[in-house]
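The values are calculated or read from the model by the stated rules, or taken from the named source; none is laboratory data. Only a predicted model underlies this, so the values are computations on that prediction, with no experimental measurement involved. Please note: Cβ atoms are built from the backbone with ideal geometry, for glycine as well, and neighbour counts cover all protein chains shown. Calculation scope for accessible area: heavy atoms of the full protein, side chains included, ligands and nucleic acids excluded. Shrake-Rupley method; radii C 1.70, N 1.55, O 1.52, S 1.80 Å.
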Amino acid sequence: MTPAMFNNDTTMTAAEIKEELLKKYPPKVARKRAKQIMINEALENETPEITANVRTIPGIITMRGCTYAGCKGVIMGPTRDIVNITHGPIGCGFYSWLTRRNQTDAYAPDAANYMTYCFSTDMQDKDIIFGGEKKLEAAIQEAYDLFHPKGICVFATCPVGLIGDDIHAVAAKMKAKFGDCNVFAFSCEGYKGVSQSAGHHIANNQVFKHLVGLDDQGKPGKYRINLLGEYNIGGDGFEIDRILNKCGVTNIATFSGNSTYAQFASSHTADLNAVMCHRSINYVADMLETKYGIPWVKVNFIGANAAAKSLRKIASYFGDQELIDRVEEVIAEEMPAVRAVAEEVRPRTEGKTAMLFVGGSRAHHYQELFKELGMKTISAGYEFAHRDDYEGRQVIPELKVDADSRNIEELEVSPDERLFRPRKSQEELRALESSGLKFKDYDGLIPDMERGAVVIDDLNQYEAEKLVELLKPDIFCAGIKEKFSIQKLGVPMKQLHSYDSGGPYAGFRGAINFYREIDRLVNSRVWGYLKAPWQENPELSATYVWE
């Protein structure tokens, strides 16, 4: 691995960069972090795999979110006609408002829209002392009286788990009382898992248990799919649906961007599951296959070439020449506009470098768009991924079930006696696989990164700033917690959790939006003029006690 991998005048090798990142840590912390910092192809690493999905070391300022954030914010936040009630103090309750830029079809005739509301039980000291079940019951009743929704969901925050409120019993009681409203709850206390990934799992388990399979009247269509792991940030889901509709493919349910109660309830009627974010939802795809007979394939609609590849993958699954031809027509119609903008922008972006530390699949998906701009991803990693997101699903049998993982319920799923229907015979599946279509397959982030790239799990604030200092990337992509500290270092920072005010970036039109925005960011001179006050006039210096 040569320093040219990083360019921007750095003379350090990847091994030296890793050593520099670890230098400030106490020896015990350094040993732990070393296992989460991997030089691609396992060079200079203590083990042949990356350590992931482990607790953040106390004292380190992580970029992760909590279990409650993953459950309420990521998975259930984009649902528009389910009333989501946070049971807890109003501090957590603020997050039951929509704080991520999930968009929805607010004027759809088939559903109400509660996404702009903030529902919380606003627990006070006396509720913590004497219990909050009566207050929760009253809140559910009030929501029902006001809105008469199809569903009400209840989310536990940390204090609720500590005092032992039985939110599931309250939900069951109110569901029986109403009769026409599905009430269920999520034990998603913030401390319950390693990261927000635990919240994704808890949310999807409950949706699968309480919602999927309730409505056999799916949307009509010749080619019917579910899109799993797409959250309609900045309108991504709208753009994907536009492309699918143009091809003649019916999207029964999106989990969970722009989603509705009816979509979840009828998702078992689809004929194929297309998985976008592997981390947040791969287990739902497995359960839908086991219980209802729906196979799944991995797709990626981030990047024009990736979107075209995914459309072809869906068409090859159905094997209908009419659909195959229509997909090629749509690609031929959409790509000229994409290429025109790429050709305009690429001379200004060619050879520039990017770092991506985003979520559980975005740091992989968005490398497609940077490649289309001629840019290199010199370092990447996830906040809440597991080893299979880095190294591929072949490592799943090796993963150990630790104490944190045991906090998350694993549903026992078997074929449904009434609704199980294999969409393809074993012979058909084997024939498709022999033709190149892979089912239940994901190779992970690492194989698509260049040799010598630095892969870091659970990047923290210190490491982010140190990497920028050492590698001087042209753009840094992460979340809101890192945004302003990185910009103060003079480097443009693009949020890929909620897109700032941009998007969509999915599909063909999304690629055009992304090209233009990255062009503006990496070629603006304003970032180089930024200096934080402490950079110009340092007022305080210190050393660690062990130095």
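Some values worked out for this structure:
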| read-out | value |
| --- | --- |
| Under-5 Å amide H pairs with ASP81, H placed in peptide plane, nonlocal only | TYR114, TYR261 |
| GluC sites (Glu not before Pro) restricted to DSSP loop in region 443-479 with at most 14 other C-beta within 10 Å | GLU450 |
| For the chain, cysteines whose Cβ has no other cysteine Cβ within reach (under 4.7 Å) | CYS66, CYS92, CYS118, CYS153, CYS158, CYS181, CYS247, CYS277, CYS477 |
| MRE, 222 nm, helices only [DSSP H, n ≥ 4, -39500 (n - 2.57), over the chain, to nearest 500] | -12000 deg cm²/dmol |
| Length gained when the stretch PHE147-LEU214 is fully extended (0.36 nm per residue, less Cα-Cα span) | 22.0 nm |
| Region 262-363: GluC sites (Glu not before Pro) in DSSP loop, at most 12 other beta carbons within 10 Å | GLU350 |
| Table column - 3J(HN,Hα) (Hz), region 104-109, Karplus curve with 6.51, -1.76, 1.60, x for Gly and Pro | 8, 7, 5, 9, 4, x |
| Heavy-atom accessible surface of the chain: percent carbon and sulfur, 1.4 Å | 53 |
| Over 28 Å (Cα to Cα) - which of LYS35/LYS481; LYS135/LYS219; LYS309/LYS481; LYS32/LYS192; LYS309/LYS400 fall in this group | LYS135/LYS219; LYS309/LYS481; LYS309/LYS400 |
| For the chain, accessible area per residue (1.4 Å probe, heavy atoms of protein chains only), Å² | 42 |
| Charge-dipole axis of the chain as Lys and Arg at +1 and Asp and Glu at -1 on Cβ define it, positive-most pick from SER485, SER256, GLY319 | SER485 |
| Rough spin-label spacing in nm, given labels placed 7 Å along Cα→Cβ, for VAL526 and ASP325 | 5.1 |
| For region 218-225, Karplus couplings with θ = phi - 60° (6.51, -1.76, 1.60), whole Hz, Gly/Pro x | x, 5, x, x, 7, 10, 10, 10 |
| Extension gain, LYS134 back to VAL413 (0.36 nm per residue minus Cα-Cα distance, nm) | 97.1 nm |
| Amide H contacts of ALA52 (H built 1.01 Å from N, under 5 Å, at least 5 apart or other chain) | ARG387 |
| Trypsin sites (Lys or Arg not before Pro) within region 349-447: DSSP coil, no more than 12 neighbouring Cβ in 10 Å | LYS400, ARG418, LYS438 |
| DSSP-defined antiparallel bridges as percent of all bridges, the chain, nearest 5 | 15 |
| Cα centroid separation, region 374-449 to region 343-360 (Å) | 28 |
| Check: the chain dipole with +1 on Lys, Arg Cβ and -1 on Asp, Glu Cβ, in debye | 400 |
| Nonlocal amide H pairs with VAL154, under 5 Å, H built at 1.01 Å | ILE85, PHE184, ALA185, PHE186 |
| Relative contact order [Cα under 8 Å, 6+ residues apart], region 302-393, whole percent | 30 |
| Fraction of antiparallel bridges per DSSP, region 210-344 only, in percent to nearest 5 | 0 |
| Extension reserve of the SER434-ARG451 stretch, reckoned as 0.36 nm per residue once the Cα distance is removed | 3.2 nm |
| Label-point gap, in nm, between ARG312 and ALA15 - each point 7 angstrom along Cα→Cβ | 4.0 |
| Whether region 126-190 is rounded, prolate or oblate, judged on the alpha carbon gyration tensor where a/c under 1.5 counts as rounded | prolate |
| log10 of Debye I(q)/I(0), alpha-carbon scatterers only, for region 47-189 at 0.12, 0.17, 0.19 Å⁻¹ | -0.52, -0.93, -1.11 |
| Phi to ³J(HN,Hα) by Karplus 6.51 cos²θ - 1.76 cosθ + 1.60 over region 370-379, Hz, x for Gly, Pro | 5, 4, 5, 8, x, 9, 9, 9, 8, 7 |
| Cα gyration tensor shape for region 403-479, rounded if a/c is under 1.5, else prolate or oblate | oblate |
| Spatially proximal aspartates and glutamates relative to LYS222 (Cα-Cα < 19 Å; intrachain offsets below 8 disregarded) | ASP241, ASP271, ASP320, GLU322, ASP325, GLU328, GLU329, GLU428 |
| Three-way shape label, region 455-514, alpha-carbon gyration tensor, a/c 1.5 | prolate |
| Structure-derived volume of the Cα convex hull per residue in Å³: which label, when the choices are (1) 151; (2) 167; (3) 208 | (2) |
